[in-house]
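Some notes on the structure that comes next.
Just so you know, all these numbers are worked out from the coordinates, no wet-lab data involved. In this text the structure is predicted, and so the values were computed from the model without any measurement. Virtual Cβ from ideal backbone geometry, glycine too; neighbours counted across all protein chains shown.
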């Protein structure tokens, strides 16, 4: 057990269990047989019965534990496919408010990372940070060129602290999975995903790469601003990027003479461009990560969580939106099965029935009255019901659209993201059928094309037999069996030819003494048998030669 290695692990583990007990999770602690870590009488507190209260207290416990637990909750808030809706909504409220660390420590880290004194790096550096969070804090500064920038500095020893908490999470996950036997997703898998996510967020070089990818994608857009990251001033623990002066979208009411509908138009168009054109989108576009600038322009910041969409997934998402817009339940069922994966075969007819029941109320509404958030949550619930695990980036996209929709509700109550997305979807549908774009897709998505060609026979069989889909393993077995059957069929045909040739040669040899009837001075039956043996031999040789070619 990991806690035998380090005393600080034991102390932190005890703290975590006690905080959970204080917030009413005594039953959970008893289930995991961790009673001995809690003072007597603390487990006797009234237990939580309502799920909403349960979610709220868990959020409060996470905030008290801070650090990795706040980040873990924030990540879970983006995964409605894994966490109940009440918990997602509650975890979205998690506040990453921590006091800043001393500015001297920040300056020491910068100088050590960049191997230069601060006055050689910047013409000005503000010692008081303008923002602080669990992983790092931000200082405003100015480069020698006069460019206003911000410097993001990682907290000292934060990697070790997060590593310790993640070790504890792994241990708790194993206990939870052993006791509760989850059906769709294991707690261990959630912790592993969080560990991967944290490793990216702890490396500012990766964030800088994300920033510059967005910067290049929007460099020709007049109304969208993306800060530029400076690679020469960036390391794993220090990130330097342009300073953007503006007002956070959540504070838009403080701005005079602002056109909220124009701002919303820019936000939505920028987001759809990220998804359908760039295949690289901001996965957490909440109002604190979007700035409103002069003349109704906007800027995106904080690119720690991003989603990526390859050509195949982009095509599937486009079809998904089309199916939603045109109320095509049959296509929705196929796409859910095609995009996701399950541990066993999914009953397509039952899935279709669930979609018809779950989305039936929306099919009678005009597009502008459809609440995408409710539709998306319904689809996620249906997927969970049928044990379909949807791709991470698809879930991140859905959650990001939910966030955009909540932003839109405050800026323009009449706005509909489904209506706003329809022209984009239709335009992209027309565009992708053009020859030039088809050729571009072939060039950019050769892997997708290869997969499509290889899977075409299988997809045809699925269509014929009513969208029958098995797990990836069963499909491979099916392909292997089909291939084996074909090969056996070829081999059996060759064996038949061989036996026939042998029989003709043997019978011709036996009949050679029967010379009552002659043809060209040769016994006629032997002659005919040898001619057919030669003919069959040529057919067999020709078949083998063609297959090798």
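For labels at residue 142 and residue 232 in the simple 7 Å Cα→Cβ model, what's the distance in nm?
1.9
Grab the Cα-Cα distance for residue 262 and residue 534, subtract it from 0.36 nm times how many residues apart they are, and report the gain in nm with one decimal.
Values: separation 272, 0.36 × 272 = 97.92 nm, distance 8.33 nm.
Between residue 262 and residue 534, full extension yields an extra 89.6 nm.
Going by how many other Cβ atoms sit within 10 Å of their own, how do 176, 17, 290 line up, fewest first? Don't skip to the answer; put the middle values down first.
On the way: 176 19, 17 22, 290 26.
Listed from fewest to most nearby Cβ atoms, that is 176, 17, 290.
In whole percent, what relative contact order does segment 253-363 give with Cα contacts below 8 Å and a gap of six or more residues?
Numbers: 82 pairs, mean separation 21.0, N = 111.
Dividing the mean separation by the residue count of segment 253-363 yields 19 percent.
How high is the relative contact order of segment 190-251, given as a whole-number percent (alpha carbon pairs under 8 Å, six or more residues apart)?
Working: 59 pairs, mean separation 18.2, N = 62.
For segment 190-251, the relative contact order is 29 percent.
For the pair residue 499 and residue 209, how long in nm is the line joining their label points, each one 7 Å along Cα→Cβ?
Roughly 6.1 nm, to one decimal.
Set the Förster distance to 22 Å, then compute FRET efficiency between residue 361 and residue 338 from the Cβ-Cβ distance, nearest 0.05. Before the final figure, lay out the partial values.
On the way: r = 25 Å, r/R0 = 1.14.
It comes to 0.30.
Using 0.36 nm per residue, how much length does the chain from residue 419 to residue 98 gain when fully extended, once their Cα-Cα distance is taken away? Numbers along the way, then the final one.
Working: separation 321, 0.36 × 321 = 115.56 nm, distance 4.05 nm.
Between residue 419 and residue 98, full extension yields an extra 111.5 nm.
Grab the beta carbon distance between residue 186 and residue 278, set R0 = 30 Å, and tell me the FRET efficiency rounded to 0.05.
On the way: r = 33 Å, r/R0 = 1.11.
Efficiency, rounded to the nearest 0.05: 0.35.
Among 145, 429, what is the fewest-to-most ranking by other Cβ atoms within 10 Å? List each step's numbers first, then the result.
Working: 145 7, 429 13.
Starting with the residue having the fewest Cβ neighbours, the order is 145, 429.
If each residue of separation counts as 0.36 nm, what is the full-extension length gain between residue 177 and residue 124 once their alpha-carbon separation is subtracted?
On the way: separation 53, 0.36 × 53 = 19.08 nm, distance 5.24 nm.
That works out to 13.8 nm of additional length.
Within segment 384-409, whose backbone N sits under 20 Å from a point 7 Å along Cα→Cβ of residue 312?
Only 388-398 pass the distance filter.
Mind giving me the FRET efficiency for residue 18 and residue 112? R0 is 45 Å, r the Cβ-Cβ distance, nearest 0.05 is fine. Can you show the working numbers first?
Numbers: r = 37 Å, r/R0 = 0.82.
The formula returns an efficiency of 0.75 here.
Please order 406, 537 by the number of other Cβ within 10 Å, starting at the fewest. Write down the numbers at each step before the final one.
Working: 406 13, 537 16.
With the sparsest Cβ surroundings first, the list reads 406, 537.
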